[in-house]
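Notes to accompany the following structure.
Please treat every number below as a calculation from the coordinates, not as lab data. Because the structure is predicted, anything quoted here is derived from the model rather than measured. Reconstructed Cβ throughout: ideal geometry from the backbone, glycine too, with neighbour counts over all protein chains shown.
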Amino acid sequence: CQGDLFVARAWQYALEERAADSSSAAAQLAHAEAALQEALVRQARRLPWSGDDLFLEASTHFELAHQAAPERREPLEGMVLALWYQGRFSEAAHAQAQVVTLHPEDIQAQRSLELYRLRAMLEAHPDDRLAWRKLALHHERDDDPGSALEAWRHVLILAPGDAEALERLRSLDP
């Protein structure tokens, strides 16, 4: 019947469109991952390069991959990492919030979102002692004493006699 043929053709078109989007997403994702990997290698080796060009390229391609396949987690996670390395903490927090929306059961994604939001808050308000305190406690919970020490030191810079910060520093740095 004519209606069934129309539905079948519409369904076939939708599948073809989905395959094209998926192929585009895969290509963008591959390009983004390559740029991100190169940027990380150059950073680790401390090679000279022009600023954040590779991280910017990676975040752009991760964004394109996300647009082509919004249900996939990988483009968002790659975008978060690329934005983080660029120091674009607010944007990284926004992208990480999308990961949490896609996977609300993922506790690690929620913990990462908390970290990214704290860094975004400190990006906007670097003298926020409470945010530094929360960041220090976050790092302690994540068993990252080096980052916790650094955050507690910022608390002391902002409030030189802070008893809790002094106590935490003593307990973390024997």
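Using a simple spin-label model with pseudo-atoms 7 Å out from Cα toward Cβ, ALA30 and ALA163 lie 6.2 nm apart.
Under the combined filter of DSSP loop state and at most 12 neighbouring Cβ atoms within 10 Å, segment 93-137 retains these GluC sites (Glu not before Pro): GLU105. Each Lys or Arg adds one and each Asp or Glu subtracts one; over the other residues with Cβ under 14 Å from the Cβ of ALA136, this totals -3. Rounded to whole numbers, the Karplus 3J(HN,Hα) couplings from phi for segment 150-164 are 4, 5, 5, 5, 5, 4, 5, 4, 7, 9, x, x, 4, 5, 5 Hz, using 6.51 cos²θ - 1.76 cosθ + 1.60 with θ = phi - 60°, and x at Gly and Pro. Relative contact order for segment 115-171: 27 percent, from Cα pairs under 8 Å spaced at least 6 residues apart, divided by residue count. Would you please classify the overall shape of segment 68-146 from the alpha carbon gyration tensor, given that a ≥ b ≥ c denote the square roots of the eigenvalues, rounded means a/c under 1.5, and beyond that prolate means a/b larger than b/c while oblate covers the rest? Cα axes put segment 68-146 in the prolate bin.
Taking 0.36 nm per residue of sequence separation and removing the Cα-Cα distance, the ARG72/THR60 pair yields an extension gain of 2.7 nm. In a fully extended conformation the segment linking ARG111 and ASP128 would gain 4.1 nm over its present Cα-Cα distance, using 0.36 nm per residue.
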